[in-house]
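Step one of this worksheet: look at the structure below.
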Amino acid sequence: MDFFIGHYNYWIVIILMMVGLYTVISRGNLIKKIIGLNIFQVSVFFLYISLGAVEGGAAPIIAEGVKVYSNPLPHVLILTAIVVGVATTALALALVVRIKESYGTIEEDEIHNLDHSL
Amino acid sequence: MGNQISLLLVVIPLIAAPIAAVLPRGRLPWLLACVVASVCAILAGVQLWNVLNEGTISYELGGWQPPWGIEYRIDALNAFVALIVAVIAAITLPYALLSAEQEIPEEKIPLFYSALLLCLTGLLGITQTGDIFNVFVFLEISSLASYALISLGKDRKAFTAAYQYLIMGTIGATFYLIGVGLIYSETGSLNMQDVANILPSVLHFRTVETGFAFIMIGIALKLALFPLHLWLPNAYTYAPSAVTVFLAATATKVAVYVMLRILFMLFPQGFAMTTPAEELFIVSGIAGIIIASVYAIYQSNIKRLLAYSSVAQVGYMVLGIGFASVAGVTASLIHLFNHALMKGALFMAIGAIIYRIGACRMEQIHGLGKAMPWTFGAIVVGGLSLIGVPGTAGFVSKWYLVSAAIEQQAWISVAVILFGSLLAVVYVGKLIEALYFKPVSDTGKAVREAPMLLLVPMYSLVFANLYFGLDTDLTVGVAQQAAAILGGIGQ
């Protein structure tokens with residue numbers, strides 16, 4: 001039982017990862033795909049943040065009387081990854097706007113039909 | 001000065017990118033990008049020279065000592081790949097001027113060159129860095145820039161192609177990120193050298209194996225390894241000509257480099273042997289060579305035909321990696337270099353046809369070989385090189401690949417490599433038949449030869465194809481030295 005409860009944050013990571021990846025694969029709506037992609041990326045952020053946490057550790061700011069600190073490096077890494085994620089999302093949304101302008105739809109199957117009916 | 005070059009290669013295009021974006025319209029942004037790419041090519045050449053003469057170069061960013069700080073660590077392997085990327089960029093950019101003016105709206109031209117420079121920054125960064133997380137950052141810099149570049153294509157399908165690439169590319173990069181996180185959790189380090197030292201003591205943990213699997217799948221997506229190649233044909237087909245030339249000749253090559261680095265340097269000797277990775281590489285390499293080549297034969301869009309051929313060529317490179325021998329990796333590296341030359345030349349020639357007739361469907365290019373003899377000549381040489389006819393660069397890589405396969409007594413692979421060449425004869429033959437032996441249409445008669453500015457870069461690659469088919473000192477010599485560096489290769 002402890003295996004499940006003790007690692008609850010990793011279970012959340014796995015569930016979010018699967019939810020996100022499944023959404024990207026199964027949805028035909030381009031916006032929903034991006035949402036799925038975001039959930040997938042967020043699960044990785046959680047993974048890194050969990051890795052950096054040290055049991056009983058304080059925030060990594062030097063203070064008197066504190067002996068144990070969390071590992072700040074994974075948290076800093078994930079800040080970078082968050083920035084990358086934001087940039088990716090922005091670019092994806094911009095592409096969806098252009099797709100909507102030129103096709104008039106953001107459903108994958110309708111776009112596919114439009115491309116092949118010509 | 002010597003070790004500063006490693007950083008300059010990344011910083012110069014990075015600084016030039018925003019400058020290009022704010023320059024006035026016209027040819028100024030192009031001029032800047034051209035100068036930057038040429039400077040990078042010269043610096044990369046000097047860097048390779050230094051590495052070959054003086055050994056590994058290490059540069060500590062911000063004076064932080066590795067493994068705490070980010071280290072740029074240059075050996076023969078990444079100096080070689082950096083040189084390929086920079087030289088291809090320096091040859092593509094003069095070519096880009098006319099083709100971009102025709103295919104891209106005028107107000108977007110400065111942004112186009114800015115994105116191209118960012119893409120160059122990312123690709124060079126991946127080759128220079130010695131830090132596995134830094135690889136992710138540069139991977140995303142180059143990928144984001146290439147999504148934007150692909151979406152600049154004239155056809156509206158360019159948007160969907162870019163979107164598709166974005167989704168698959170991001171999944172690939174995120175898989176890589178998960179893998180890096182898992183490796184970090186076991187080793188506590190991100191510096192490649194340091195991780196390589198620590199990993200042997202933690203290899204028995206399942207976390208390390210999982211991390212390895214995530215990284216391999218992530219990179220396989222980026223290098224368009226069959227069956228994860230689905231983004232590539234559309235992206236190459238609908239991107240502007242100059243972008244296709246640049247990406248086809250560099251992007252997948254850099255991903256192959258990352259795979260080599262992680263497979264054979266980061267993980268200790270023989271680790272890959274204990275996982276199914278090697279078998280998977282051989283199987284998907286073989287499947288890629290055959291299936292993608294057959295697909296290429298049935299394409300009616302000539303850009304798409306070459307794109308599928310690229311997937312097949314990635315198969316050859318991965319096959320070489322799959323042998324996990326010094327000879328295999330050497331062959332893989334030689335093919336990496338030679339494929340950049342042949343696909344660069346071929347896509348440039350196709351770009352010249354698109355420049356003249358604005359289309360690239362099989363039935364629209366009938367008989368154009370007579371109207372555009374020089375462009376046709378480039379396609380013939382590039383095509384022969386793709387097939388692997390003796391005297392061209394393609395022959396050298398096929399030769400080394402077959403030798404590596406014979407050394408392993410992998411007879412199926414030998415047969416597949418030769419059969420793949422036969423399939424290449426078919427699709428290259430189809431291209432040449434349409435261009436030369438089909439009757440010219442009335443509109444085709446009015447077509448003139450491509451302008452000098454397109455022909456000169458094209459022919460510099462064509463001559464490189466012939467030159468490196470005869471003189472293999474540079475390619476084979478450097479590739480052998482680079483393969484020897486990858487200490488993790490078994491015997």
With respect to A:E107, is the statement that it is closer than 25 Å to A:V24 by Cα, more than 11 Å from chain B (Cβ to nearest Cβ) and either touching a residue at least 40 places away in the same chain (Cβ under 8 Å) or more than 20 Å from the chain's Cα centre (by Cα) (or both) true? yes
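Every residue, every condition in (1) away from chain B (no Cβ under 11 Å); (2) farther than 22 Å from B:L228 by Cβ; (3) under 24 Å from the mean Cα position of the chain (by Cα), yes or no:
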{"residue": "A:V13", "(1), (2), (3)": "no, yes, yes"}
{"residue": "A:L37", "(1), (2), (3)": "no, no, yes"}
{"residue": "A:V42", "(1), (2), (3)": "no, yes, yes"}
{"residue": "A:Y48", "(1), (2), (3)": "no, yes, yes"}
{"residue": "A:L51", "(1), (2), (3)": "no, yes, yes"}
{"residue": "A:A63", "(1), (2), (3)": "yes, yes, no"}
{"residue": "A:H75", "(1), (2), (3)": "yes, yes, yes"}
{"residue": "A:I78", "(1), (2), (3)": "no, yes, yes"}
{"residue": "A:D115", "(1), (2), (3)": "no, yes, no"}
All positions within segment B:48-78 that are assigned to a helix (DSSP H, G or I) and more than 17 Å from B:N134 (Cβ to Cβ): B:L48, B:W49, B:N50, B:V51, B:L52, B:N53, B:E54, B:A76
Has segment B:102-109 got any residue that is closer than 26 Å to B:I19 by Cα and under 17 Å from the mean Cα position of the chain (by Cα)? no
Failed item in (1) touching a Phe, Trp or Tyr at 6+ places or on another chain (Cβ under 9 Å); (2) within 27 Å of B:Y355 (Cα to Cα), with B:I215 passing the rest: (2)
Please state which one of B:I387, B:I432 is in contact with a helix residue (DSSP H, G or I) (Cβ under 7 Å, 6 or more places away or on another chain), free of Cβ contacts under 8 Å to residues at least 60 places away in the same chain and surrounded by 15 or more Cβ atoms within 10 Å (Cβ to Cβ). B:I387
Of the conditions (1) without any contact (Cβ under 8 Å) to a residue 60 or more places away in the chain; (2) more than 16 Å from the chain's Cα centre (by Cα), B:I132 satisfies every one except a single condition; which number is it? (1)
Among the numbered criteria (1) touching a helix residue (DSSP H, G or I) at 6+ places or on another chain (Cβ under 8 Å); (2) over 30 Å from B:T160 (Cα atoms); (3) without any contact (Cβ under 8 Å) to a residue 24 or more places away in the chain; (4) more than 9 Å from chain B (Cβ to nearest Cβ), which one does A:K32 miss? (2)
For the structure I just gave you, tell me whether B:I262 is away from chain A (no Cβ under 14 Å) and in contact with a Ser or Thr (Cβ under 6 Å, 6 or more places away or on another chain). no
Any chance segment A:30-48 includes a residue that's among the small types (G, A, S), part of a helix (DSSP H, G or I) and under 15 Å from B:L182 (Cα atoms)? yes
Yes/no for A:I78 being surrounded by 18 or more Cβ atoms within 10 Å (Cβ to Cβ) and in contact (Cβ under 8 Å) with a residue 60 or more places away in the chain: no
B:T174 versus (1) surrounded by fewer than 20 Cβ atoms within 10 Å (Cβ to Cβ); (2) of a type outside the set (G, A, S); (3) within 10 Å of chain A (Cβ to nearest Cβ): which is the lone unmet condition? (1)
Name the residue, out of B:V81, B:V87, B:V39, that is within 19 Å of B:V135 (Cα to Cα), surrounded by 15 or more Cβ atoms within 10 Å (Cβ to Cβ) and out of contact with any strand residue (DSSP E or B) (no Cβ under 6 Å at 6 or more places or on another chain). B:V81
Checked against (1) within 14 Å of another protein chain (Cβ to nearest Cβ); (2) modelled with pLDDT of 90 or more, B:Y236 satisfies every condition except (1)
Taking the stated definitions as given, is B:S201 closer than 27 Å to A:P72 by Cβ, assigned to a helix (DSSP H, G or I) and at the interface with chain A (Cβ under 8 Å from one of its Cβ atoms)? no
For segment B:152-162, which positions are in contact (Cβ under 8 Å) with a residue 12 or more places away in the chain and either of a type in the set (G, A, S) or in a helix (DSSP H, G or I) (or both)? B:G153, B:K157, B:A158, B:T160, B:A161, B:A162
Residues being exposed (fewer than 14 other Cβ atoms within 10 Å of the Cβ) and within 7 Å of another protein chain (Cβ to nearest Cβ) - total across segment A:85-94: 1
For segment B:374-491, list the helices (runs of 4 or more DSSP H) that sit wholly inside it and hold at least 3 residues that are under 25 Å from the mean Cα position of the chain (by Cα); which are they? B:393-407, B:411-432, B:452-470, B:473-485
Taking segment B:107-149 and keeping residues within 14 Å of another protein chain (Cβ to nearest Cβ) and either under 15 Å from B:T92 (Cβ atoms) or not in a helix (DSSP H, G or I) (or both) leaves B:A115, B:L118, B:C119, B:T129, B:D131, B:S142, B:A145, B:S146, B:L149
Can you name the number of the only condition in (1) within 23 Å of B:L149 (Cα to Cα); (2) within 11 Å of chain B (Cβ to nearest Cβ) that A:I82 fails? (2)
I'd like the full set of residues that are hydrophobic (A, V, I, L, M, F, W, C) and in contact with a Leu (Cβ under 7 Å, 6 or more places away or on another chain), limited to segment B:110-124. B:F112, B:A115, B:L116, B:C119, B:L124
Regarding B:I217, is this residue at pLDDT 90 or above and more than 10 Å from every other protein chain (Cβ to nearest Cβ)? yes
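The values are calculated or read from the model by the stated rules, or taken from the named source; none is laboratory data. Quick caveat, the model's predicted, so the values are computed rather than measured. All Cβ positions, even for glycine, are placed from backbone atoms using ideal geometry, and neighbour counts span all protein chains on display.
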